[in-house]
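**Student:** One structure, pasted below without further comment.
The values are calculated or read from the model by the stated rules, or taken from the named source; none is laboratory data. Computed from a prediction, not measured in an experiment: that's the story for all the values here. Positions of Cβ are generated from backbone atoms using ideal geometry, with glycine treated the same way; all protein chains shown enter the neighbour counts. Heavy atoms of the whole protein, side chains included, go into the accessibility calculation; ligands, DNA and RNA do not. Shrake-Rupley method; radii C 1.70, N 1.55, O 1.52, S 1.80 Å.
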Amino acid sequence: MIPIAHFVAVTFYLAAAAIAALPFARRVKAPVGAVVIALLLGIGAHATALAGLTRQAGAASLTGLGPGLSFAGLVLALSLVVVESLAREVSLALVAAPVAALVTVAGNLAGMHPFLEPQGARAVWLTMHIVLSFIGIAAYATAAAAGTMYLVARRELKSARFGAIFRFFPPLDTLDRVNHLASIAGFLGLTLGLALAAAYSFQYRALVLPQIIWGMGAWVGVSALALGRMLRGWQARRAALMSAVTFASVVALYVVFRMASLNRGQFL
């Protein structure tokens, strides 16, 4: 049941991206409703898969590499639904929906096996850290996607080409607002997630150096972005560039640590 539900979720995520691409193929209104419905159907199947995993493995079901990646895909899809519904645009789905599908597939290929089996309050503590951290990472990814699209659309505007990208991308103000709000959400989510992780590590003497380095790197990146906008008044272009570059660096750091890691069953 779990693999089938994941397959259904991936199918709907890819379908959402295909529907979002329709305005590039022909002049039609942005199909916001159809994209959101496809995403919600995928999210429903995805949540069913993870609920089944929780019934099998207990409260610590998200601690493994596969479950963690799958949950990251689910949170990214949820973030995308919120953004698309509020912005009434579908362009972000062209990037984020395939990423959600790819991360979900990677999780299934890694195997749906939890790495740890803590019980009681310890399991809840660890799960809350994972949930909040992934919410922060998903929001950070959304900010990076909006920032990248802002830079592309701005370049189209300055070149005066006004092609399909410029016509069907959201307005620059909308992309800037998504980048701003997502960076704040990412900062809050990662701050809370890392605070729980630090308390958990101190309480149970469970320190994993690569996790600490990567988590702090992600937190520094999103904190610089959020605080730079709020306290230093960074303008849209600078914030867009910073979000894209710092998030790409966080992803690259994760890949390096994964390749060097001996703990194959962990997220990092």
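**Student:** Counting pairs of alpha carbon atoms under 8 Å apart in space and at least six apart in sequence, what relative contact order in percent does the chain give?
**Tutor:** Rounded, it is 21 percent for the chain.
**Student:** Turning to a different aspect of this structure: Only sites in a loop by DSSP and with at most 14 other Cβ atoms within 10 Å count here; which trypsin sites (Lys or Arg not before Pro) in segment 166-253 make the cut?
**Tutor:** Those that pass, being in a loop and sparsely packed, are Arg205, Arg232.
**Student:** Hey, another quick one. Quick check: at a probe of 1.4 Å, how many percent of the accessible area of the chain sits on carbon and sulfur atoms?
**Tutor:** Whole-percent figure for carbon plus sulfur exposure: 70.
**Student:** Right, another one. Is the shape of the chain rounded, prolate or oblate, going by the alpha carbon gyration tensor and its root eigenvalues a ≥ b ≥ c, with a/c under 1.5 for rounded and a/b larger than b/c for prolate?
**Tutor:** Verdict is oblate for the chain.
**Student:** When a/c is below 1.5 the answer is rounded, else prolate if a/b is larger than b/c, else oblate, so apply that to segment 105-255 with a ≥ b ≥ c taken from the square roots of the Cα gyration tensor eigenvalues.
**Tutor:** The shape class here is prolate.
**Student:** Continuing with the same structure: Whole number in Å², please: accessible area per residue of the chain, 1.4 Å probe, ligands, DNA and RNA not counted.
**Tutor:** 49 Å²
**Student:** Could you work out [θ]222 nm for the chain from helices alone, using -39500 (n - 2.57) per DSSP H run of at least four and dividing by all its residues? Round to the nearest 500 deg cm²/dmol. List each step's numbers first, then the result.
**Tutor:** Working: 10 runs with 218 residues, N = 268.
Computed ellipticity for the chain at 222 nm equals -28500 deg cm²/dmol.
**Student:** With +1 assigned to the C-beta of every Lys and Arg and -1 to the C-beta of every Asp and Glu, and no other charges, what is the dipole magnitude of the chain about the Cα centre in debye, to the nearest 20? Let's see the in-between values first.
**Tutor:** Working: 19 positive and 6 negative charges, 136 e Å.
Charge dipole, the chain, about its Cα centre: 660 debye, nearest 20.
**Student:** OK, next. Using a 1.4 angstrom probe on the protein heavy atoms only, line up Met149, Met242, Met259, Met128 by accessible area, largest first.
**Tutor:** Met259, Met128, Met242, Met149
**Student:** Please say if segment 201-260 is rounded, prolate or oblate, where rounded means a/c under 1.5 for a ≥ b ≥ c the square roots of the C-alpha gyration tensor eigenvalues, and otherwise the choice is prolate for a/b larger than b/c and oblate otherwise?
**Tutor:** Since a/c reaches 1.5 but b/c is at least a/b, the shape of segment 201-260 is classed as oblate.
**Student:** Which Cα, out of Leu80, Leu172, Pro3, lies furthest along the positive dipole direction of the chain (beta carbon charges, K/R +1, D/E -1)?
**Tutor:** Leu172
**Student:** Right, here's the next one. Roughly how many Å is it from the Cα centre of segment 1-46 to that of segment 182-237, as a whole number?
**Tutor:** 31 Å
**Student:** A follow-up question, please. Return the long-range amide H neighbours of Gly64 (sequence gap of 5 or more, or a different chain), with a cut-off of under 5 Å between placed amide H atoms.
**Tutor:** Those qualifying (amide H under 5 Å, at least 5 residues apart or on another chain) are Phe115, Leu116.
**Student:** When you count, for each residue, the other Cβ atoms within 10 Å and take the mean per peptide, how do 65-74, 188-197, 9-18 rank with the highest first?
**Tutor:** Top to bottom by mean Cβ count within 10 Å: 65-74, 9-18, 188-197.
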